[in-house]
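To start, the structure under review is shown below, and the notes come after it.
The values are calculated or read from the model by the stated rules, or taken from the named source; none is laboratory data. Please read all numbers here as calculations on a predicted model, not as lab measurements. As a convention, Cβ positions derive from the backbone with ideal geometry for all residues, glycine included, and neighbour counts pool all protein chains shown.
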Amino acid sequence: MNRIAQCAIFFATLSISALLHTACSPSASAQRGQELFDLHCASCHEDPPADLKKRPPKLEGLFKAKYLPSGGPATDEQVRKTIVAGLRTMPAFDQRLSNQDLDDLIAYIHTLN
Ligand code: HEC
């Protein structure tokens, strides 16, 4: 095999593994979302305080169902609204989270199965 062919094979393998890597690993956005979730949401949604009037729902598979636990549509827009405005005993996060934070959180919630 000549050098050029070897080089071509080397770079082809390299780009395929780069592609696989992007396809299989969670996006940077979802990774950031996980940090935000651990900071702002997990204290209720993973490990709820006993004095909450309503137990927060588990968020695994949230977007797989047609409806959210509240009965709203299971869409990014609706979940975004819930996070921004709060829902009954769930606090509003409009003063704490930026638009980018919301994008990242939603990307992360999509990875929960
Ligand atoms: C103080 C506790 C608390 C925190 C913190 C909290 N939640 Fe909630 N969350 C709740 C409760 C309680 C409900 C159920 C509200 C209801 O239906 O009355 C809820 C409901 C939800 C729902 C379902 C909404 C629906 O329409 O059914 C989503 C999605 C959600 N929370 C996401 C989040 C995210 C993302 C965060 C972090 C940014 C977060 N929550 C932080 C308590 C909390």
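Name, by its number, the condition in (1) modelled with pLDDT under 95; (2) of a type in the set (S, T, N, Q); (3) touching a Gly at 6+ places or on another chain (Cβ under 8 Å) that does not hold for THR82.
Failed condition: (1).
Just to be sure I understand, how many residues within segment 65-91 are part of a loop (DSSP other than H, G, I, E, B) and touching a residue at least 24 places away in the same chain (Cβ under 8 Å)? Write out each step before concluding.
Here is the first cut: in segment 65-91, the ones part of a loop (DSSP other than H, G, I, E, B) are 65-66, 68-72, 74-75, 86, 88-89, 91.
Keeping just the survivors that are touching a residue at least 24 places away in the same chain (Cβ under 8 Å) gives 88-89.
Looking only at that region, the number is 2.
Here is a yes/no grid of residues against (1) part of a helix (DSSP H, G or I); (2) at pLDDT below 95; (3) of a type in the set (Asp, Glu); (4) away from the ligand (no atom under 11 Å from the Cβ):
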residue	(1), (2), (3), (4)
SER15	yes, yes, no, yes
LEU52	no, yes, no, no
LEU62	no, no, no, no
ASP103	yes, no, yes, yes
ILE106	yes, no, no, no
HIS110	yes, no, no, yes
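Inside segment 57-91, can you point out the residues that are within 16 Å of LEU39 (Cα to Cα) and in contact with a Ser or Thr (Cβ under 9 Å, 6 or more places away or on another chain)?
Across segment 57-91, the qualifying residue is only MET90.
Looking at (1) near the ligand (Cβ under 10 Å from one of its atoms); (2) at pLDDT 95 or above, which is the one condition that is false for ASP76?
(1)
From (1) of a type outside the set (Phe, Trp, Tyr); (2) buried (at least 16 other Cβ atoms within 10 Å of the Cβ); (3) near the ligand (Cβ under 6 Å from one of its atoms), pick out the condition that doesn't hold for PRO91.
Looking at each condition in turn, PRO91 falls short on (2).
Provide a single number: the residues in segment 92-101 that are free of Cβ contacts under 8 Å to residues at least 40 places away in the same chain and either within 13 Å of the chain's Cα centre (by Cα) or not in a loop (DSSP other than H, G, I, E, B) (or both).
The total comes to 2.
Please work out which residue is farthest from ARG88 (Cα to Cα), limiting yourself to segment 32-50 and to residues that are in contact (Cβ under 8 Å) with a residue 12 or more places away in the chain and either touching an Asp or Glu at 6+ places or on another chain (Cβ under 6 Å) or within 7 Å of the ligand (Cβ to nearest atom) (or both).
ARG32
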